Amino acid sequence: MIEVGSAVFWRGTLALVIGSFMIFSNVYVTQPLLPMIANEFDITPLQASASFTITTLTLGISLLFYGPISDALGRKGIMVMTMVGITLTTFCLSLVKSYDMLLALRGLQGFFLAGLPAIAVAYLGDEYTPEALLVAVGLYISGNTLGGIGGRLIGGFVGEWLGYSAAFSVMSVISLLCLLAFFILLPTSRHFEPKPLRVGHIVSNMKSHLQNRRLLTCYLIGGFSFFIFINQYSYVTFVLEAEPYGLSAKYVGLLFLTYLSGTLGSAISGKLAKRWSQPNIMVLGTGIFMMGSLVTLGDSLLAIILGLLINSFGFFLCHSTTSGFVSRNAKHAKASASSLYLVFYYLGASLGGFYLDPFWQAKGWTGVIMGSWIVLGLVLLAGLSLIRRHNKALQMAQ
């Protein structure tokens with residue numbers, strides 16, 4: 001098993017960080033372009049957001065497929081093949097001229113984008129020691145945040161300079177380079193044990209995971225946290241494009257540098273988990289997220305940026321900890337358990353915009369924060385219930 005600090009640990013972890021960067025830069029490349037897409041195709045903000053939400057929707061649904069397949073056929077090969085599919089669809093997106101075709105390709109791309117997130121944590125669970133897993137998951141998820149930043153910066157700067165098609169062209173070249181690095185760096189699985197691919201067995205595993213109260217609570221925490229987090233960013237792009245801010249696409253893209261605090265939150269989550277229980281860290285992250293949301297209600301651009309920095313740190317602290325908790329507490333079919341977590345996670349991203357839109361229509365950004373606090377309050381309660389369950393299990397073990 002791979003130990004923390006070894007050469008193969010850093011090689012494998014770097015490969016997954018690069019792969020994570022590629023996945024999430026492709027997911028989020030359209031987000032700073034939403035006002036531009038709305039103007040280009042003469043559609044509403046909610047319709048423009050579909051270019052993002054259709055990707056997270058198909059990504060989330062496809063996770064149900066990749067986890068069980070990888071439990072039977074292996075990890076690395078499937079991740080590489082799906083990354084090839086991402087690179088090709090990104091290139092095709094650079095050639096589209098209609099919004100319907102853009103949506104269709106973004107939906108197809110979501111199918112390929114699910115491959116690595118569905119399998120990566122399970123790969124780590126197969127090959128890494130428990131201590132190495134804690135550290136590697138935090139670093140891997142930091143790649144998610146770097147990808148989110150990179151995709152949005154590419155979309156914002158290249159989109160404003162050369163148009164949305166050029167943003168996809170640049171993204172396809174970057175994706176190819178990431179694919180090659182991933183293929184070369186990631187060690188071949190040594191401890192993977194294949195399981196027969198039976199539909200009944202897959203359904204039984206999924207049912208078992210959903211009946212596990214600890215796992216189900218984690219699924220709800222991850223899903224509803226992302227339900228709010230990612231869609232706050234979608235709506236804030238329209239806030240900052242309008243008066244009194246009047247920011248262009250490239251400056252809206254810079255806003256996503258606030259994800260860097262999330263990179264820090266993910267990276268330190270493993271270290272914090274060595275000192276406190278993971279459920280406590282989930283609650284801490286959610287509380288920080290709620291406080292940051294309130295800070296964004298300040299009238300100045302600085303207040304919005306500060307609030308988003310706080311939000312990102314709190315959210316990714318919670319998310320990376322929850323993801324690792326799922327992998328540690330799944331007693332079997334770890335890839336399926338991790339995939340199911342991400343199904344909730346990305347379905348949350350797809351549906352959150354519809355939930356927040358009435359609040360946006362009624363009260364603007366203040367309404368979005370009101371709607372956010374309702375959901376995050378429920379997430380906080382779920383985290384507290386997980387703490388109680390975790391403490392009770394420790395007492396019983398003694």
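Computed quantities for the displayed model
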quantity	calculated
In the stretch 234-247, residue most open to solvent (accessible area, probe 1.4 Å) [restricted to those that are of a type outside the set (Phe, Trp, Tyr) and touching a helix residue (DSSP H, G or I) at 6+ places or on another chain (Cβ under 6 Å)]	GLU241
Subset tally (residues that are assigned to a loop (DSSP other than H, G, I, E, B) and among the β-branched types (Val, Ile, Thr)) for the stretch 70-127	1
Total residues in the stretch 102-119, condition in contact with a Leu (Cβ under 9 Å, 6 or more places away or on another chain) and at pLDDT below 90	2
Pairs, first within 22 Å of LYS331 (Cβ to Cβ) in the stretch 124-146, second open to solvent by 10 Å² or more (accessible area, probe 1.4 Å) and part of a strand (DSSP E or B), C-beta under 9 Å, six or more apart	LEU124/ILE2; GLU127/ILE2; TYR128/ILE2; THR129/ILE2; ALA132/ILE2; ALA136/ILE2
Contacts under 6 angstrom Cβ, first residue in the stretch 264-287 being within 20 Å of TYR219 (Cβ to Cβ) and among the hydrophobic types (A, V, I, L, M, F, W, C), partner at pLDDT below 85 and assigned to a helix (DSSP H, G or I), 6 or more apart	ALA273/LEU134; ILE281/LEU272
Scope the stretch 25-83; condition charged (D, E, K, R) and without any contact (Cβ under 8 Å) to a residue 12 or more places away in the chain; matching residues	ASP42
Any hit, the stretch 172-183, residues being within 22 Å of LEU347 (Cα to Cα), in a helix (DSSP H, G or I), in contact (Cβ under 8 Å) with a residue 60 or more places away in the chain and not charged (D, E, K, R)	no
Some residue of the stretch 290-309 being surrounded by 24 or more Cβ atoms within 10 Å (Cβ to Cβ), at pLDDT 85 or above and within 27 Å of ILE61 (Cα to Cα)	no
The stretch 367-398: number of residues that are open to solvent by less than 100 Å² (accessible area, probe 1.4 Å) and among the basic types (Lys, Arg)	1
Residues satisfying the stated conditions in the stretch 259-277, i.e. more than 18 Å from the chain's Cα centre (by Cα) and either at pLDDT 85 or above or open to solvent by 50 Å² or more (accessible area, probe 1.4 Å) (or both)	LYS271, LYS274, ARG275, TRP276
Selection status of PHE313, open to solvent by 10 Å² or more (accessible area, probe 1.4 Å), part of a helix (DSSP H, G or I) and either over 17 Å from VAL236 (Cβ atoms) or free of Cβ contacts under 8 Å to residues at least 60 places away in the same chain (or both)	yes
Tally of residues being open to solvent by 50 Å² or more (accessible area, probe 1.4 Å) and of a type in the set (Phe, Trp, Tyr) across the stretch 91-102	1
Condition met for ALA362 (open to solvent by 30 Å² or more (accessible area, probe 1.4 Å) and of a type in the set (Gly, Ala, Ser))	yes
Entirely in the stretch 232-304, the helices (runs of 4 or more DSSP H) that have 3 or more residues that are under 26 Å from LEU46 (Cβ atoms)	249-254, 278-295
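Table: residues versus (1) over 19 Å from the mean Cα position of the chain (by Cα); (2) open to solvent by less than 30 Å² (accessible area, probe 1.4 Å).
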residue: THR89; (1), (2): yes, yes
residue: ALA104; (1), (2): yes, no
residue: PHE111; (1), (2): no, no
residue: ALA118; (1), (2): no, yes
residue: VAL121; (1), (2): no, yes
residue: PRO130; (1), (2): yes, no
residue: LEU153; (1), (2): no, no
residue: TRP161; (1), (2): yes, no
residue: VAL170; (1), (2): yes, no
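Okay, residues lined up against (1) open to solvent by 70 Å² or more (accessible area, probe 1.4 Å); (2) closer than 27 Å to ILE54 by Cα:
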position: SER175; (1), (2): no, yes
position: PHE192; (1), (2): no, no
position: ARG198; (1), (2): yes, no
position: SER204; (1), (2): no, no
position: GLY222; (1), (2): no, yes
position: PHE229; (1), (2): no, yes
position: GLN232; (1), (2): no, yes
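The values are calculated or read from the model by the stated rules, or taken from the named source; none is laboratory data. If you're wondering where the values come from, they're calculated on a predicted model, not measured in any experiment. So basically every Cβ, Gly included, is an ideal-geometry build from the backbone, and we count neighbours across all protein chains shown. Note: areas computed on protein heavy atoms with side chains; ligands, DNA, RNA excluded. Shrake-Rupley method; radii C 1.70, N 1.55, O 1.52, S 1.80 Å.
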